[in-house]
Structure formats: structure tokens, C-alpha cells
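Report on one structure; see the data block that follows.
Bear in mind that the values in this text are calculations on the coordinates, not laboratory data. These figures come from a predicted structure and were not determined experimentally. Cβ placement follows ideal geometry from the backbone for every residue including glycine, while neighbour counts extend to all protein chains displayed.
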Amino acid sequence: MTSKRGQIGESITWVVATIVLIVLLIIFIYASVVLSEFKSLKINTKKISTGSLDWINSKTQMAYSISSSNKNKIQVWISQEVGNE
Amino acid sequence: MDNKKGTDKLLSIYWFVMLTLIAGGVFAMVYVFYGPPYDVREIESEILAERIADCISKQGVINSDFFVDGKFNAAISESFTERCNFNFDVEKGYGDTGEIQYFYEVEFYTLKDTVNPAFSFYDGNNNWKADCFIKKENNKEYAKLAKCKEKRLYALSKEGDQYLIKILSVIGKSEKNVKQ
């Protein structure tokens, strides 16, 4: 009788442990799903395309080398660039 | 003795089941987090803007095709996409009606008037442009809006006239890049 009780107790321990494990796995998978919604690629395109130089800015610099009159006005206008995302 | 052997066997099977469960769970987590889709539209719009800038200005001088008799060549607006070797028909089948998923707009300003463009043209799906002016929040619904990139540069005509150029490039393709 005592042996049977012990067996039942042991079985319950394993069943509970299994349930806890499954619940934990479900929680972690759900957390992965939630976190994956907000994942985004952060890539520095400047580094990929032309080393440390901004491709479009280099064109402006080239134009300055031809004529740099009104440079301040031009720079102010360019700095108003909207970073729409 | 036989009973102990049976228990050991059962326990081994149990451990294998647990191991498979955990391995499956880890696989599911990694797949869900690192699996597709990846939203690369921001980078794509930046690349598109760079290519457009490359077609307009080389070494700081605006392509001579943009001018006829000292004035802007209106015909360039029709042929610019082709001249630049852009093909916007590659994403057919996306969107509700298989519509074009790209849009770009180029505006030329003189230094005298930096508000009203002296010349402008666009191509692609004009419907995406409105998405650029919506203030986006870190929300799933906003993620489905088109991604825009504005680039500004300065260039000169061959005659030495100074122009300010604004490029707006827009990429739709939310179905391909955003988890639905």
C-alpha cells in the first residue's frame, strides 16, 4: 500500500514537471512572437555603399568644388531634409 | 528486477520526449524571431534615392538631358525611369490589385525660390506618397505604411546655374516586408 502511494506521488511529480516545462516553453515561444513584431534591421547604409562617405553628400561636395557661392543658404536648405520613415 | 528494467525503459522514453519537446521549442523560438519577413524597405528606399541622384547629377553637374535651350526639358519626366534603367513592374501580384509598389518624385529648386519647385516630375504609384506625411508610431498598423526617404542635394547645370534638388523615394511592399 505504502509502495503504491509512493509510486503515485512520483508519477504526479513527473506529470507536474512535464506540465511546467510545456507551460514554460509556451511562454517563451509567445515572448518570441511578441518580440519578433518589433524586430528591425539597423544597417548603416553609408558603410555598405561607400565606406564612411555619404553617396548623395559627395555629389553636393563635388558641386561645391565647382561653385560654392551661397554655400550657407544651400547647407541650410539641405539640413531641412526630412527623415521620413 | 523486471519491474525496474521496465521503469528505466519508460523513463528513457520520457527523457527523449522531453528532449524533443525542448529542442522543438528552441527551434520554434529561433524561427519565429529570426525568420522572415524582414523589413528592408527603409534601406531599399535609400538605395532608390541614391540611384535617382546618380542619374541626375554626375560629379556635381546635372545631366544635360534635363535641359533644352537653357530651360528644363519637360520630356524628361516621361523618360527618366527608362533612362535610369528602373523597372517598377517587378512586384506585380502584391497589394490588393497588384499595383506598383514604388514611387519617386524629383523637385528642382532655384536659390531664388526654395519653396516652389522650378521643375518637378514623378513616376510610380502616386497613392504611396500620402503615407510619407503620416506621423508614424511604433505600432503594428503603422508598420504597414509605405517607407519614404527624402534626400536633398545641390548641383549645377552645365551653364553654371545653381539648383537644389529634392528626391522623395517611397517603397510600398508591406505584404512582403511586414508580418501580416
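Computed from Cα positions, the angle between helix B:2-34 and the longest principal axis of chain B comes to roughly 10 degrees. Site pair residue A:80 and residue B:82 shows an inter-label distance of 3.5 nm when each label is modelled 7 Å from Cα along Cα→Cβ.
Residue B:80 sits among other residues whose Cβ lies under 12 Å from its own Cβ, and their net charge, with Lys and Arg +1 and Asp and Glu -1, is -3. Among residues other than residue A:65 whose Cβ falls under 15 Å from its Cβ, what is the net charge (Lys/Arg +1, Asp/Glu -1)? Surrounding charge for residue A:65 is +3.
Rg over Rh for chain B works out to 1.34, both radii taken from alpha-carbon positions and Rh defined as the Kirkwood radius. Whole-percent P(r), segment A:1-40, all Cα pairs, 5 Å bins from 0: 5, 22, 13, 13, 11, 9, 9, 6, 5, 4, 2, 1, 0.
What are the semi-axes of the equivalent ellipsoid of the protein assembly as shown, taken as the square roots of 5 times the eigenvalues of the Cα gyration tensor, listed largest first and rounded to whole Å? Walk me through the numbers before you get to the answer.
Details: eigenvalues 760, 63, 45 Å².
Each semi-axis is √(5λ); the values are 62, 18, 15 Å.
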